[in-house]
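J.: My questions will all concern the structure given below.
The values are calculated or read from the model by the stated rules, or taken from the named source; none is laboratory data. All of these numbers come straight from a predicted model, not from anything done at the bench. Please note: Cβ atoms are built from the backbone with ideal geometry, for glycine as well, and neighbour counts cover all protein chains shown.
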Amino acid sequence: MQILETKRLLLRHFHLLDASALRAIFADPEVMRFGDGVQTDAWIRGWLEQTLANYGHWGFGPYALVKKENSQIMGYCGLFYFPELAGQAEVEIGYRLARNQWGKGYASEAALAVRDYAFQTLSMSRLVAMIDPGNLASLAVAKKLGMVYEKEILLEGYDHPDHLYVLETPK
Ligand SMILES: CC(C)(COP(=O)(O)OP(=O)(O)OC[C@H]1O[C@@H](n2cnc3c(N)ncnc32)[C@H](O)[C@@H]1OP(=O)(O)O)[C@@H](O)C(=O)NCCC(=O)NCCS
């Protein structure tokens, strides 16, 4: 199901057949450097199954980024539900692209559309992003969205804190 369209991208629901396209993202150590590290095919399948379940359960999830020009999947951008993050439920806006697609403005283009979709269509009032302070590209995307630093947050299994960035609709 298509969710959004931007100038150069279509954002649609993932399906299980997208597993091989996701290897360029989840099996690349550079792409996974700020994250849980390189993942296996079995892990990718599990991620897709969970993603499909989340569309049904929460009404949102990560969306496949498809380049209009050639229908190629270049990564994901979307919304992740955390039932308990530092004491409260949060929705994270997240993005991850295959390395050969970096630096062309795709993450910003997709994330701006997902931010507006979250606030205007899904009626959310707050989005967060958990960013490793060394991940300057991710930080640049978050700042373009208008996100601001709130606090440090230590995630389970991590040896150093991420920075929590937030964006709230005016009350
Ligand atoms: C983060 C990521 C999605 C950015 O994707 P992208 O399509 O290259 O981003 P954009 O081209 O939209 O660039 C966004 C901004 O980041 C800046 N940027 C990109 N790489 C940068 C770097 N290494 N250092 C500093 N700034 C950088 C760009 O200059 C741009 O700002 P500008 O438009 O003002 O020039 C991509 O690097 C990625 O997939 N990284 C690995 C996964 C990841 O870390 N995801 C985020 C987890 S929190």
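J.: For the stretch 131-171, name all the residues that are acidic (Asp, Glu) and more than 14 Å from the ligand (Cβ to nearest atom).
T.: Let us first name the residues in the stretch 131-171 that are acidic (Asp, Glu), namely 132, 150, 152, 156, 159, 162, 168.
Correct list: Glu150, Glu152, Glu156, Asp159, Glu168.
J.: Next up: Answer yes or no: is there a residue in the stretch 121-129 that is charged (D, E, K, R), surrounded by 13 or more Cβ atoms within 10 Å (Cβ to Cβ) and under 26 Å from Ala19 (Cα atoms).
T.: Keep residues of the stretch 121-129 that are charged (D, E, K, R), which gives 126.
Now drop any that are not surrounded by 13 or more Cβ atoms within 10 Å (Cβ to Cβ), which leaves 126.
Cutting the leftovers down to under 26 Å from Ala19 (Cα atoms) gives us none.
No, every residue in the stretch 121-129 fails to be charged (D, E, K, R), surrounded by 13 or more Cβ atoms within 10 Å (Cβ to Cβ) and under 26 Å from Ala19 (Cα atoms).
J.: For the stretch 121-136, state whether one or more residues are of a type in the set (A, V, I, L, M) and more than 27 Å from His57 (Cβ to Cβ). Break it down stepwise before answering.
T.: First pass over the stretch 121-136, keeping only residues of a type in the set (A, V, I, L, M): 122, 124, 127-131, 136.
Restricting the remaining residues to those that are more than 27 Å from His57 (Cβ to Cβ) gives 136.
Within the stretch 121-136 (the criterion being of a type in the set (A, V, I, L, M) and more than 27 Å from His57 (Cβ to Cβ)), the answer is yes, since at least one residue qualifies.
J.: What are the residues in the stretch 87-107 that are closer than 19 Å to Gly35 by Cβ, more than 9 Å from the ligand (Cβ to nearest atom) and among the aliphatic types (A, V, I, L, M), if any?
T.: Val91, Ile93
J.: Just give me the residues in the stretch 64-86 being more than 7 Å from the ligand (Cβ to nearest atom), small (Gly, Ala, Ser) and under 11 Å from the mean Cα position of the chain (by Cα), in sequence order.
T.: Initially, the stretch 64-86 is screened for residues more than 7 Å from the ligand (Cβ to nearest atom), giving 64-74, 76-86.
From what is left, the residues that are small (Gly, Ala, Ser) are 64, 71, 78, 86.
Matches in the stretch 64-86: Ala64, Gly78.
J.: For the stretch 79-128, which positions are in contact (Cβ under 8 Å) with a residue 24 or more places away in the chain and either on the phi > 0 side of the Ramachandran plot or acidic (Asp, Glu) (or both)?
T.: Ala86, Glu90, Glu92, Glu109
J.: Scan (1) touching a strand residue (DSSP E or B) at 6+ places or on another chain (Cβ under 6 Å); (2) within 19 Å of Arg33 (Cα to Cα); (3) near the ligand (Cβ under 8 Å from one of its atoms) for the single condition Ala111 breaks and write down its number.
T.: With respect to (1) touching a strand residue (DSSP E or B) at 6+ places or on another chain (Cβ under 6 Å); (2) within 19 Å of Arg33 (Cα to Cα); (3) near the ligand (Cβ under 8 Å from one of its atoms), Ala111 is out only on (2).
J.: Go through the stretch 144-171 residue by residue and tally those that are within 20 Å of Val31 (Cα to Cα) and surrounded by fewer than 17 Cβ atoms within 10 Å (Cβ to Cβ).
T.: 6
J.: List the number of the failed condition for Val31; all other conditions in (1) under 21 Å from Lys104 (Cβ atoms); (2) modelled with pLDDT under 95; (3) assigned to a loop (DSSP other than H, G, I, E, B); (4) not basic (Lys, Arg) hold.
T.: Single failed check for Val31: (2).
J.: Still on this structure, I have one more. When the residues of the stretch 13-39 are narrowed to those that are farther than 21 Å from Gly157 by Cα and exposed (fewer than 13 other Cβ atoms within 10 Å of the Cβ), which ends up nearest to the chain's Cα centre (by Cα)? Quick ask: steps written out before the conclusion?
T.: As a first pass, look at the stretch 13-39 and keep what is farther than 21 Å from Gly157 by Cα: 13-25.
Filter once more, keeping what is exposed (fewer than 13 other Cβ atoms within 10 Å of the Cβ): 15-17, 20.
Working: His15: 16, Leu16: 18, Leu17: 19, Ser20: 19 Å.
The qualifying residue nearest to the chain's Cα centre (by Cα) is His15.
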